[in-house]
1. Of the residues Phe6, Phe70, only one is touching a helix residue (DSSP H, G or I) at 6+ places or on another chain (Cβ under 6 Å), modelled with pLDDT under 90, within 17 Å of Tyr96 (Cβ to Cβ) and hydrophobic (A, V, I, L, M, F, W, C); which?
2. If you take the residues in region 9-19 that are more than 18 Å from Lys71 (Cβ to Cβ) and not in a strand (DSSP E or B), which one is modelled with the lowest pLDDT?
3. Suppose we filter region 47-67 for residues that are in contact (Cβ under 8 Å) with a residue 40 or more places away in the chain and more than 19 Å from Val22 (Cα to Cα); how many remain?
4. Can you pull out every residue in region 75-109 that is touching a strand residue (DSSP E or B) at 6+ places or on another chain (Cβ under 9 Å), of a type in the set (Asp, Glu) and either modelled with pLDDT of 95 or more or exposed (fewer than 13 other Cβ atoms within 10 Å of the Cβ) (or both)?
5. So, in region 1-47, how many residues would count as being closer than 21 Å to Lys93 by Cα and touching a Gly at 6+ places or on another chain (Cβ under 9 Å)?
6. Can you name every residue in region 11-52 that is touching a strand residue (DSSP E or B) at 6+ places or on another chain (Cβ under 9 Å) and of a type in the set (A, V, I, L, M)?
7. Which ones in region 56-102 are among the aromatic types (Phe, Trp, Tyr) and over 17 Å from Leu13 (Cβ atoms)?
Amino acid sequence: MIHLVFEKAGQPLIVEVMGREVYFSAYSGGIIKRAKIEGMQMLPSDIIKEFPDLAGKSYSEMHNEAVKRFKQKILSFKTEAETRDYIVSELAKSGYKFDEKNSRTGSLSEMMAFARRHGVRNVS
């Protein structure tokens, strides 16, 4: 398991890579909200930037196709390290800064303890 820490506009984002599963956790009001890619809100402009062929489709169609393509890409990787490198590269395109110093391998409970030490309340 790999935990990646990113920051954009002062807001942290944690990405967990567990084999072929990827979870995104963001802080909101001191609470960590965790979701798979299906539950992530995506800006239509970001989807179109990554997949120009989806321009002109409804948000729902764009979102569903972007999720499908993301999952296919993740399944193409043989190791968590390859998935990590892809996610770091892709999030950088959207302005996220990778915090390598605070990214680590380890269990979710270790990462939640890390979050608590850094002032996050109501970690669940």
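1. Phe6
2. Ranking the candidates gives Gly10 first.
3. The qualifying residues number 1.
4. Across region 75-109, the qualifying residue is only Glu100.
5. 5
6. Leu13, Ile14, Val15, Val17, Met18, Val22, Ala26, Ile32, Ala35, Ile37, Met40
7. Once the filter is applied, which keeps residues that are among the aromatic types (Phe, Trp, Tyr) and over 17 Å from Leu13 (Cβ atoms), region 56-102 yields Tyr59, Phe77.
The values are calculated or read from the model by the stated rules, or taken from the named source; none is laboratory data. Given the structure is predicted, the values throughout are model-derived calculations rather than measurements. Methodologically, a virtual Cβ is constructed for each residue, glycine included, from the backbone with ideal geometry; neighbour enumeration extends over all protein chains shown.
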